[in-house]
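Asker: First, the structure itself, so that you have it in front of you.
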Amino acid sequence: MLKISELNVAYGDSKVIHDVSFTVESRESLAIMGRNGMGKTTLLKSLIGILPVNAGSITLNNIQLTDQPSYRRVQQGLSFVPQGRMIFPFLTVEENILSGAEYSGYRQVPEYIYKFFPVLKDMRKRNGGNLSGGQQQMLAIARALISDPKILILDEPTEGIQPSIIKEIAQTLNVLRHERSFSVIVSEQVLSFALDLSDRFLVIDRGHIVHEEARATLNQEKIKSFLTV
Ligand SMILES: Nc1ncnc2c1ncn2[C@@H]1O[C@H](COP(=O)(O)OP(=O)(O)O)[C@@H](O)[C@H]1O
Ligand SMILES: [Mg+2]
C-alpha cells in the first residue's frame, strides 16, 4: 500500500500542496481530478521525487520514501509517465523503452509490452519524434512499464490526444493493471477517461483534496462541477 500523509510541497515561499493525505491499495486505480494550476503535477512530481516535500511522508509497504532520491523510488516500485510525455525524439522507439530499464535490467523489450502496444513493435526502429501524440503516449507508458512498477503514476495522459486513442489507452491500462498487477495513480481533467480507468476519485483544488468518491457511488455532476471554471 502506498500511503501519503499530510504532504506539503512549495516552490520557495509559494505553498502549492497543503496537507494532502491518501492511500492507494495494491491493484487499485486512483484518479486525481482537478483544473489547470490546482497542483496535480506538483503533487505527482513530489511522489516520484522530482520535487522535495516540505513536510509529510510517503511510504510504500511501510518503506519510507519521503527523502529518497527518484531512482530509489523507482527501485522500490514507483514509475512515472510525465505530463507532455517527454520521450526522446532522437532515440528509436526501442531505445526509448529500454531507457526505463536501468533498474529492472531488461536488455530487450519484454514481449508483453509489444503485445499490448503492437504499434510500438512495428515502429521499434523509428525515432520517437516521428510518432503521433497518441503513439508517443504509449511509448512513455511502455518506458514506465519496463521498470516493473508496483505503482504507475500518470500525469494528464490524455492531454492533446484524440478521443479514439484515449479510449484505447484506458482499455489497455485496465488489462495491463490486472495482468501485471500494479496500482495506478492518474491525474486528469477528462472525466470520461478517469471513469474508464479508476476505482476512486479525489478532487484537488488549490492544493487541497476537497472531495473523494468511489466509482460505485460516483456523482458525475459533482465531480464535473469541480472541473468547470
Ligand atoms: N516551477 C514552478 N515554480 C513556481 N510555481 C510553480 C511551478 N510549477 C508550478 N507552479 C505553480 O504551482 C501551482 C500548481 O501547478 P501544477 O502543479 O502545475 O498544476 P496542475 O498540474 O494541476 O495544472 C500553479 O499555481 C503553478 O503556477
Ligand atoms: Mg499538470
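Coordinate-derived values only; no laboratory data. Source: prediction; values computed, not measured. Neighbour counts run over all protein chains shown; Cβ positions are idealised from the backbone, glycine included.
Asker: Can you pull out the chymotrypsin sites (Phe, Trp or Tyr not before Pro) in the stretch 45-105 whose DSSP state is coil and whose Cβ has at most 11 other Cβ atoms within 10 Å?
Answerer: 90
Asker: Next question. Would you kindly give the portion of the calculated P(r) for the stretch 104-229 that falls above 24 Å, as a percent of all Cα pairs?
Answerer: The answer is 33 percent, as a whole percent.
Asker: Mind running the shape call on the stretch 15-84? Use the C-alpha gyration tensor, a ≥ b ≥ c as the square roots of the eigenvalues: rounded below 1.5 for a/c, prolate if a/b tops b/c, oblate otherwise.
Answerer: Note, shape of the stretch 15-84 comes out rounded.
Asker: OK, next. At q = 0.23, 0.26, 0.27 Å⁻¹, what is the log10 ratio I(q)/I(0) for the stretch 54-100, with the Debye formula run over Cα points and no solvent?
Answerer: So the normalised log intensities are -0.88, -0.98, -1.02.
Asker: At a threshold of 8 angstrom on Cα-Cα distance, excluding pairs fewer than six apart, so keeping six or more, what relative contact order does the chain reach in percent?
Answerer: After rounding, I find 28 percent.
Asker: So, one more: Obtain the nm distance between the two label points defined at residue 72 and residue 172 by a simple spin-label model: each point lies 7 Å from its Cα along the Cα-to-C-beta direction.
Answerer: Taking the two extended label points, one gets 3.4 nm.
Asker: Sticking with this one: As a test of the definition: which semi-axes, in Å, follow for the chain when you take the square root of five times each eigenvalue of its alpha carbon gyration tensor? Largest first, please.
Answerer: Equivalent-ellipsoid dimensions as semi-axes: 27, 21, 16 Å.
Asker: Same structure again: Of the listed pairs 45/115; 40/224; 3/150; 115/150, which have alpha-carbon separations greater than 18 Å here?
Answerer: 45/115; 115/150
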